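In what follows, a single structure is set out as structure tokens and then discussed.
The values are calculated or read from the model by the stated rules, or taken from the named source; none is laboratory data. Only a predicted model underlies this, so the values are computations on that prediction, with no experimental measurement involved. Reconstructed Cβ throughout: ideal geometry from the backbone, glycine too, with neighbour counts over all protein chains shown. Accessible surface is based on the protein model in full, side chains and every heavy atom, while ligands, DNA and RNA are left aside. Shrake-Rupley method; radii C 1.70, N 1.55, O 1.52, S 1.80 Å.
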Amino acid sequence: RESEATLASIFRAAPVGIGLVSDRVLVRVNDRIAEMTGYSCNELMGKNARILYPSDADFEYVGIKKYDQIRKQGTGTVETRWIRKDGTIRDILLSSTPLDSSDISRAVMFTALDITDRKNAESELHTAYEQLANTEEELRKQYVELARAKESLKEANRKLHLLSSITRHDILNKITVLRGNIELIKSRSANPAIAGFLKKVDSSEVSISDLIEFTRVYQDLGSL
């Protein structure tokens, strides 16, 4: 009577599902098991535990895995799935201990913990981690591509800078030759008409020189 009273109080007070099975037939379950499954305690008691599983494979897996652990270690713990009365699948952590280790088919006490929310959180965390890893990889690729583009642009700018310098140098040389010829013509001709033309040419030469100097300054600004 004292053992029965103790067992009854444990069944009532436990925050997890507790049940007793004999040869995998439900002998007793607490209210928490009823909440987890959607069945009443009376609907479950006397039923084969198969009623709790969504498939024969789930039922047989627990029967093989957990009871093998009990025979070897005295207790057994396994993750499985239960199906509620409304058809909802829940992830369950089962732990079992036989009342008589010499005859585990006689009676086995088990606890059931609903770990569905934990499993969903783990799955979401794993998905988020994969997305983060994919994003990180994509950012790395973009960084490499950006670095290559930057290097290509740098090389292109270097070549343009070199080309511009050479071209400007050649133009200035031509302008120097032009300026020399203008001065030579001025010194050898007193014709007013020619002097007027030379003045216009000289003015254009000065403008061209100013433009070339501007391109040099602009180029240097771009390379800072």
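Take the cross-link list Lys174/Lys200; Lys65/Lys119; Lys154/Lys174; Lys85/Lys119; Lys66/Lys119 and give me the ones stretching past 27 Å between alpha-carbons.
Lys154/Lys174
Report the one residue of Ser203, Ala34, Leu20 whose Cα lies farthest in the direction of the positive end of the charge dipole of the chain (charges on C-beta: Lys and Arg +1, Asp and Glu -1; origin at the Cα centre).
Ser203
Go ahead and set up a Gaussian network model of the chain, Cα springs under 10 Å, then flag whichever of Asp210, Asp103, Asp91 fluctuates most.
Of Asp210, Asp103, Asp91, the most mobile in the Gaussian network model is Asp210.
Could you put Thr116, Thr135 in order of accessible surface area, largest first, with the 1.4 Å probe and the full protein assembly present?
Thr135, Thr116
I want to make sure I understand the PRE zone here: with the label point 7 angstrom from the Cα of Asp202 toward its beta carbon, which residues in the range 162-187 have backbone N atoms less than 11 Å away?
Under 11 Å, as judged by backbone N against the label point of Asp202, lie 182-187 of the range 162-187.
Going by amide H atoms built from the backbone, whose H comes under 5 Å of the H on Arg81, apart from near neighbours?
Ile92
So how strong a dipole does the range 84-138 carry about its Cα centre when Lys and Arg Cβ are +1 and Asp and Glu Cβ are -1, to the nearest 20 debye?
560 debye
Starting from the amide H of Asn30, placed 1.01 Å from N in the peptide plane, find each other amide H under 5 Å away whose residue is 5 or more places distant or on another chain.
Amide H neighbours of Asn30, under 5 Å, 5+ apart: Ile18.
Counting Lys +1, Arg +1, Asp -1, Glu -1, what net charge surrounds Glu35 among other residues with beta carbon under 12 Å of its beta carbon?
For residues surrounding Glu35, the net value is +2.
Which order do peptides 73-80, 163-170, 105-112 fall in by mean Cβ count within 10 Å, highest first?
By packing density, highest mean first, the sequence is 105-112, 73-80, 163-170.
Ignoring ligands, DNA and RNA, please state the percent of accessible area on the range 1-137 from carbon and sulfur, probe 1.4 Å.
Roughly 50 percent of what the probe reaches on the range 1-137 is carbon or sulfur.
What list of ³J(HN,Hα) couplings, whole Hz, do you get for the range 124-139 from phi and the Karplus terms 6.51, -1.76, 1.60, once you set θ to phi - 60° and write x for glycine and proline?
Coupling constants for the range 124-139: 5, 5, 5, 5, 4, 5, 5, 5, 5, 5, 5, 5, 4, 5, 5, 5 Hz.
Using alpha-carbon pairs under 8 Å, 6+ residues apart, how would you state the relative contact order of the chain in percent?
It comes to 13 percent, rounded to a whole number.
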